[in-house]
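Report on the following structure.
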Amino acid sequence: MICYQLCCANDHHFEGWYRDSAAFAQLQQKGLLSCPHCGVSDVRQALMAPAITKGRSEKKQPARPADSQSVSQETDQNVVPVQRAPLSDQMIVAFQKIRQTVEQNCENMGDRFAKEAVRIHHGEAEERGIYGTATEKEQNMLREEGVDVLTVPWVRRADS
């Protein structure tokens, strides 16, 4: 994952997390980024300080925020606890809007998501927006098949 400091055309500053720089560039090019403050889609990278990593000889300890939330991530055979930093209120609002848009415009496939995504990719099923759950193994298989997969934090609904 990579974190970018971003800025919109209205000079609002915020951060965004992306799988890699190519994922950011693709979303930016397609106009799929927007400011969480004003909704403007003219978003660019802001000036950032470089990340300084320890040398190879020094043992790197994983960052563990004191107030992190424990979340379970399902894998093939068991449930693995994953530590995640708490989301800011602005991020929660943005993810709530994403969830609402996805639920209104896409079909929930539940745990059949990966199978249906492959069927759509191969032209065996009607092309449409779908969402659901997939194990890490299924996500890797989808990427190997050339299916674009995006993992979005599924926060509580705004009305709950």
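The values are calculated or read from the model by the stated rules, or taken from the named source; none is laboratory data. Model, not experiment: these values are computed from the prediction. Neighbour counts are summed over all protein chains in view; Cβ atoms, including those assigned to glycine, are modelled from backbone coordinates with ideal geometry. Remember, those area values only see protein heavy atoms, side chains included, never the ligands or the DNA or RNA. Shrake-Rupley method; radii C 1.70, N 1.55, O 1.52, S 1.80 Å.
If you go through segment 7-21 and pick out every residue that is within 14 Å of the chain's Cα centre (by Cα) and either in contact (Cβ under 8 Å) with a residue 40 or more places away in the chain or surrounded by fewer than 16 Cβ atoms within 10 Å (Cβ to Cβ) (or both), you end up with 5. Could you look through segment 1-29, keep only residues that are within 19 Å of PHE95 (Cα to Cα) and of a type in the set (D, E, K, R), and pick out the one that is modelled with the highest pLDDT? Across segment 1-29, the extreme among qualifying residues is GLU15. In this entry, PHE14 is excluded by the filter for residues that are part of a helix (DSSP H, G or I) and closer than 21 Å to LYS97 by Cα. Candidates in segment 102-127 are the residues that are in contact (Cβ under 8 Å) with a residue 12 or more places away in the chain and in contact with a helix residue (DSSP H, G or I) (Cβ under 7 Å, 6 or more places away or on another chain); of these, the one that is most open to solvent (accessible area, probe 1.4 Å) is HIS121. The residue that is nearest to the chain's Cα centre (by Cα), counting only those in segment 40-57 that are at pLDDT below 85 and open to solvent by less than 50 Å² (accessible area, probe 1.4 Å), is ALA46. Within the set of pairs 6+ apart or on separate chains, which have a first residue in segment 90-101 that is in a helix (DSSP H, G or I), a second that is modelled with pLDDT under 85 and of a type in the set (Gly, Ala, Ser), and C-beta atoms under 7 Å apart? Short answer, once both residue conditions are applied: GLN96/ALA158; GLN100/ALA158. Considered as a group, the residues in segment 129-151 that are in contact (Cβ under 8 Å) with a residue 12 or more places away in the chain and among the hydrophobic types (A, V, I, L, M, F, W, C) include one that is most open to solvent (accessible area, probe 1.4 Å), and that residue is MET141.
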